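**Student:** Quick one: the structure is below, questions incoming.
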Amino acid sequence: MAFSAKTPRSLIKSDLPSPIHRKLRKHKFLYFSNRRKTHQISSTQPQQQLSFLNTNSLNSSDPNSHLHLLYINGKLQEALNYLDSMQELQIPLDEDTAIGMVRLCEWKRAFEEGSKVYCYVSNSSNSLSLRLGNAFLSMFVRFGKLGDAWYVFGKMLERDVFSWNVLISGYAKKGFFDEALCLYHRMLWVGFKPDVYTFPCVLRTCGAVPNLERGKEVHVHVIRFGFEADVDVINALITMYVKCGDLPKARLLFDKMARRDRISWNAIISGYFENGEYLEGIRLFFKMREHWFDPDLMTMTSVISACESLGNERLGREIHGYVIVTGMSADVSVCNSLIQMYFSLGCWETAEKVFDRMEWRDVVSWTAMISGYENNLLPDKALDTYRMMELHGFVPDEITLASVLSACAYLGKLDMGIKLHELAKRTGFISYIIVANTLVDMYSKCKCIDKALEVFHSIPDKDVISWTAIILGLRLNNRCFEALIFFRQMKVSLKPNSVTLVSVLSACARIGGLMCGKEIHAYALRTGMALDGFLPNALLDMYVRCGRMGPAWNQFNSQKKDVSAWNILLTGYAQRGQGKLAVEFFNRMIKSNVSPDEITFIPLLCACSKSEMVTEGLKYFNSMELKYGVTPNLKHYACVVDLLGCAGQLEEAYEFIQEMPIKPDAAIWGALLNACRIHRQVELGEFAAQRIFESDRRSVGYYVLLCNLYANSGKWDEVAKVRKMMKDNGLVIDPGCSWVEVKGKIHAFLSGDDFHPQINEINALLEGIYEKMGVAGLGGRQCDSMDGVEISKAEIFCGHSERLAVAFGLINTVPGTPIWVTKNLYMCQSCHSTIKFISKIVRREISVRDTEEFHHFKDGICSCGDVEILRKALTNTTSERN
């Protein structure tokens, strides 16, 4: 037998000090002199040598017999005290008594006590006999102390197959699979023949690695040593092959078995399930019953899990009926599997019935309910169940905490999330990465990104989910620039998955990071992830939101055209206010036999609104349910209010809200408030604002709309009141921020930013442009066409950061290069006019995407057609005439 290269040449050095001896020598009551005593047990030893002993502590007739009685009765502590007395008097311990003491320590899981026995024995002899050595081996392996087991193994004068089996199984159970296999080969090399207990352990190790080649080699050994007919060994071979993914070989062995037991059936059935062959596994389950083998709890839990994976509710209910008939419904593990299955199938009410009928529950039962509610978008029920779990005295585990934290994240329950964070710290569950990752997600979604960063930085071994959670969290909190930085840091040590790339692409789309998005696209193509999950649509969304409709169409034509892909392109046309193109694209979608969903009609109605296609928009809204089977929800009603309101039909919009079949939410009243802002209808706008603040006092956007309404109407006292209300509620308007990408690098500019390295050049360039605007009669820094109201409003709600970004782009790019800018707020009339002028005098194409739409400037003309500006001018003229 060839010796494995991984096998250590010297398994252990017997002259090294024992790990246990080093550890326990410091204790005073275990002190041994350096001079070892070797007492031989003899029946002729004079009795008078023991006459001076205290009879209360030692039996003068035979100390070993008395010690034997103590450990036989399970009195471990008394036995150890008695052993201490024997040690002080240097009375030898016979082998049978020592073995009994060791087995009692192993049975009681008493490591410290077992170590004391070992020290006493090793102090009396430099070597161990076979029986005593095997006893110590078994004990130390049971305690997981492989270093001590090695030392014992090295001190044994003689070893048998049991010695090797115990050591091999010890390494395998601790996850040292390669070392276990090396020990097996060393065992063969020194001439020991494996037995029926060796092969199952070694084969489980091959399956755990998994290492099919090693497993096949052991299979040859099974045949060579004549164990090919042993049921236990063949069961282990079947398990090994299914773990290594070789189902045909496992099935061949199973079919050739002359005699099978329940374990044989369980091995092959679970093997098919583990390899995704659920239907064949189910067939074997029914075949098992035909052969008069009754399934056990392990069989049923795996079959129930298979029904869950298949998504077959009918089969799952049949299996549930069989469980009830056979009386297995009283077992908690079976009920837990049923709960998980029903939740996975969306039958949460049936899962509740199973849970309610359970006579006894464990923490897994409660966790199954909590995670099931959370996965079925019932976070309120998840939190209620957790509270009930606490009342029943159950302590949550790491899975429970992660599920409850996910529910808190969904509901924005920051207070409860903080309490769970404290609980995780107290119980030590914070060290579990699943809990830490969920905390990052919870804090991010509750808008506490700094706290999320604190938790993230405290994770010692971050995985892909950790990085993805913080990247997505930064994106959700509008810190996209940092999200890209974290992504670059992540790539140094970890390979991102498709979910990570989707999160980063969302950040790129938010700030217009086209080159970064293209890099990610190239990375996805190189790594073969370009078609994984939602990644194709994320790439499409990135190109659309970066204003590159050409590359977006290329991506659209190269991927699967599901309804989400059509919706993304439709959103692109809506953002550009291209209502006619949006309608044409929608009709093309219908001709392609793609059924629209509820999301489809949102960008379609928005496109009609921006293009003032009121008739077409109402037609599509009225046809949603009748023609396409899509029931309108609150978002669709808000789109119709915006459609009517932006077209100046405010009374019709208000009547539409009054006639709605469902209660309007803040977004619907917000659409009416926006229309009132555009058309300066203060009274109706105030009414809409009152309705909004009845249900939502935390959204900054509604306060900004109301401020705009008052500012447009010159009611600056009211503006001050609204801003004070915001301050009292702890709300702050985000400062104007614009991003521009130059030579693949994204640069950010805040309103009033004076710290940029090139700020002097930027300001000088802008001053020169303002002078040219003045000469051209366009009013310089602030346009002549703007009144004081518009100027003041622009200073508060715009910030003019896009001017800095455009000027930076002009300075750092060659003439003729298009400039693309993304902004977090809306573009004011002054900036709009300024950038129109710049595009004309420098003969450059400049695109600015604000919160409302794309503005593509070329030769002094904007793609929006100055619709908003003309609308405002018309409103001003009408007000003056009145």
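The values are calculated or read from the model by the stated rules, or taken from the named source; none is laboratory data. The structure displayed is predicted, hence computed values, not measured ones. A quick note on method: Cβ atoms are made from the backbone with ideal geometry, for glycine too, and the neighbour counts reach across all protein chains shown. To get the accessible areas, we keep the full protein, side chains included, count just its heavy atoms, and leave off ligands, DNA and RNA. Shrake-Rupley method; radii C 1.70, N 1.55, O 1.52, S 1.80 Å.
**Student:** Keeping to the stretch 248-268, report how many residues are more than 16 Å from residue 203 (Cβ to Cβ) and open to solvent by less than 50 Å² (accessible area, probe 1.4 Å).
**Tutor:** Matching residues across the stretch 248-268 total 3.
**Student:** Name every residue in the stretch 834-882 that is open to solvent by 40 Å² or more (accessible area, probe 1.4 Å), at pLDDT 85 or above and out of contact with any Ser or Thr (no Cβ under 9 Å at 6 or more places or on another chain), in order of residue number.
**Tutor:** 836, 840, 841, 842, 843
**Student:** For the stretch 424-452, what are the residues that are more than 27 Å from residue 478 (Cβ to Cβ), over 13 Å from the mean Cα position of the chain (by Cα) and not polar (S, T, N, Q)?
**Tutor:** Within the stretch 424-452, 424, 425, 426, 428, 429, 430 meet the criteria.
**Student:** Give the residues of the stretch 55-91 that are of a type in the set (S, T, N, Q) and modelled with pLDDT of 75 or more, sorted by residue number.
**Tutor:** Restricting attention to the stretch 55-91, the residues satisfying the condition of being of a type in the set (S, T, N, Q) are 55-57, 59-61, 64-65, 73, 77, 81, 85, 87, 90.
Selection gives 65, 73, 77, 81, 85.
**Student:** Also, I was wondering about something else. Output the residues belonging to the stretch 279-329 that are under 14 Å from residue 264 (Cα atoms) and not in a helix (DSSP H, G or I).
**Tutor:** Of everything in the stretch 279-329, those that are under 14 Å from residue 264 (Cα atoms) and not in a helix (DSSP H, G or I) turn out to be 291, 292, 293, 294, 295, 296.
**Student:** I would also like to ask the following. Starting from residues that are assigned to a helix (DSSP H, G or I) and of a type in the set (Gly, Ala, Ser), keep the ones in the stretch 603-653 and report whichever is nearest to residue 582 (Cα to Cα).
**Tutor:** Start the filter on the stretch 603-653 by keeping residues that are assigned to a helix (DSSP H, G or I), which leaves 603-610, 614-628, 634-646, 650-653.
Remaining after also requiring of a type in the set (Gly, Ala, Ser): 607, 609, 617, 623, 638, 645, 653.
On the way: 607: 7, 609: 11, 617: 11, 623: 17, 638: 19, 645: 20, 653: 23 Å.
Filtering the stretch 603-653 for residues that are assigned to a helix (DSSP H, G or I) and of a type in the set (Gly, Ala, Ser), the one nearest to residue 582 (Cα to Cα) comes out as 607.
**Student:** A further question follows. Contact list please: Cβ distance under 6 Å, first residue in the stretch 403-432 and in a helix (DSSP H, G or I), second residue of a type outside the set (Val, Ile, Thr) and open to solvent by 80 Å² or more (accessible area, probe 1.4 Å), pairs at least six apart or on different chains.
**Tutor:** From the stretch 403-432, the pairs are 409/445.
**Student:** Which of the residues belonging to the stretch 499-534 are touching a Gly at 6+ places or on another chain (Cβ under 8 Å), buried (at least 18 other Cβ atoms within 10 Å of the Cβ) and either closer than 17 Å to residue 551 by Cβ or not aliphatic (A, V, I, L, M) (or both)?
**Tutor:** Of everything in the stretch 499-534, those that are touching a Gly at 6+ places or on another chain (Cβ under 8 Å), buried (at least 18 other Cβ atoms within 10 Å of the Cβ) and either closer than 17 Å to residue 551 by Cβ or not aliphatic (A, V, I, L, M) (or both) turn out to be 505, 508, 509, 512, 516.
**Student:** Quick one: what pairs do we get from the stretch 714-730, first residue more than 21 Å from residue 698 (Cβ to Cβ), second modelled with pLDDT under 90 and surrounded by 14 or more Cβ atoms within 10 Å (Cβ to Cβ), C-beta under 7 Å, 6+ apart or different chains?
**Tutor:** Filtered contacts from the stretch 714-730: 714/789.
**Student:** Now for a separate question. Would you confirm, using the coordinates I've provided, whether residue 159 is within 40 Å of the chain's Cα centre (by Cα) and among the basic types (Lys, Arg)?
**Tutor:** Working: within 40 Å of the chain's Cα centre (by Cα): no; among the basic types (Lys, Arg): yes.
When the stated conditions are applied, residue 159 does not pass them.
**Student:** Hey, another quick one. For the stretch 566-576: of the residues being under 19 Å from residue 630 (Cα atoms) and within 30 Å of the chain's Cα centre (by Cα), which is surrounded by the fewest Cβ atoms within 10 Å (Cβ to Cβ)? Walk me through it before giving the result.
**Tutor:** As a first pass, look at the stretch 566-576 and keep what is under 19 Å from residue 630 (Cα atoms): 566-568, 570-571.
From what's left, within 30 Å of the chain's Cα centre (by Cα): 566-568, 571.
Details: 566: 23, 567: 24, 568: 23, 571: 21.
Among those that are under 19 Å from residue 630 (Cα atoms) and within 30 Å of the chain's Cα centre (by Cα), it is 571.
**Student:** Here is a further query. Out of the residues in the stretch 95-117 that are surrounded by fewer than 15 Cβ atoms within 10 Å (Cβ to Cβ) and acidic (Asp, Glu), state the one that is nearest to the chain's Cα centre (by Cα).
**Tutor:** Let us first name the residues in the stretch 95-117 that are surrounded by fewer than 15 Cβ atoms within 10 Å (Cβ to Cβ), namely 96, 107-109, 112.
Checking the rest, the ones that are also acidic (Asp, Glu) come to 96, 112.
Working: 96: 55, 112: 40 Å.
Among those that are surrounded by fewer than 15 Cβ atoms within 10 Å (Cβ to Cβ) and acidic (Asp, Glu), it is 112.
**Student:** Let me ask something else about it. Does the stretch 654-699 hold any residues that are among the small types (Gly, Ala, Ser) and either part of a helix (DSSP H, G or I) or open to solvent by 60 Å² or more (accessible area, probe 1.4 Å) (or both), and which are they? Give the steps one after another, and end with the answer.
**Tutor:** Quick first cut of the stretch 654-699, residues among the small types (Gly, Ala, Ser) only: 666-667, 670-671, 675, 685, 688-689, 695, 699.
Residues satisfying the conditions are 666, 667, 670, 671, 675, 685, 688, 689, 695.
**Student:** State whether one or more residues within the stretch 706-719 are under 29 Å from residue 547 (Cα atoms) and touching a helix residue (DSSP H, G or I) at 6+ places or on another chain (Cβ under 9 Å).
**Tutor:** Filtering the stretch 706-719 down to residues under 29 Å from residue 547 (Cα atoms) leaves 708.
Going one step further and asking which of them are touching a helix residue (DSSP H, G or I) at 6+ places or on another chain (Cβ under 9 Å), we end up with 708.
Among the residues of the stretch 706-719, at least one is under 29 Å from residue 547 (Cα atoms) and touching a helix residue (DSSP H, G or I) at 6+ places or on another chain (Cβ under 9 Å), which makes the answer yes.
**Student:** Taking the stretch 479-490, which residues are open to solvent by less than 90 Å² (accessible area, probe 1.4 Å) and charged (D, E, K, R)?
**Tutor:** Answer for the stretch 479-490, where residues must be open to solvent by less than 90 Å² (accessible area, probe 1.4 Å) and charged (D, E, K, R): 479, 482.
A quick yes/no check of all residues on (1) acidic (Asp, Glu); (2) surrounded by 21 or more Cβ atoms within 10 Å (Cβ to Cβ); (3) touching a helix residue (DSSP H, G or I) at 6+ places or on another chain (Cβ under 9 Å):
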site: 564; (1), (2), (3): no, no, yes
site: 578; (1), (2), (3): no, no, yes
site: 587; (1), (2), (3): no, no, no
site: 594; (1), (2), (3): no, no, yes
site: 597; (1), (2), (3): yes, no, yes
site: 613; (1), (2), (3): no, no, yes
site: 621; (1), (2), (3): no, no, yes
site: 626; (1), (2), (3): no, no, no
site: 643; (1), (2), (3): no, yes, yes
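**Student:** Show the residue pairs meeting these rules: Cβ distance below 7 Å; 6+ apart or different chains; first residue within the stretch 348-374 and farther than 16 Å from residue 395 by Cα and polar (S, T, N, Q); second residue assigned to a helix (DSSP H, G or I) and at pLDDT 95 or above.
**Tutor:** Matching pairs, first to second residue: 350/342.
**Student:** Something else now. Tell me which residues, restricted to the stretch 309-343, are open to solvent by 60 Å² or more (accessible area, probe 1.4 Å) and acidic (Asp, Glu).
**Tutor:** Scanning the stretch 309-343 gives 313, 318.
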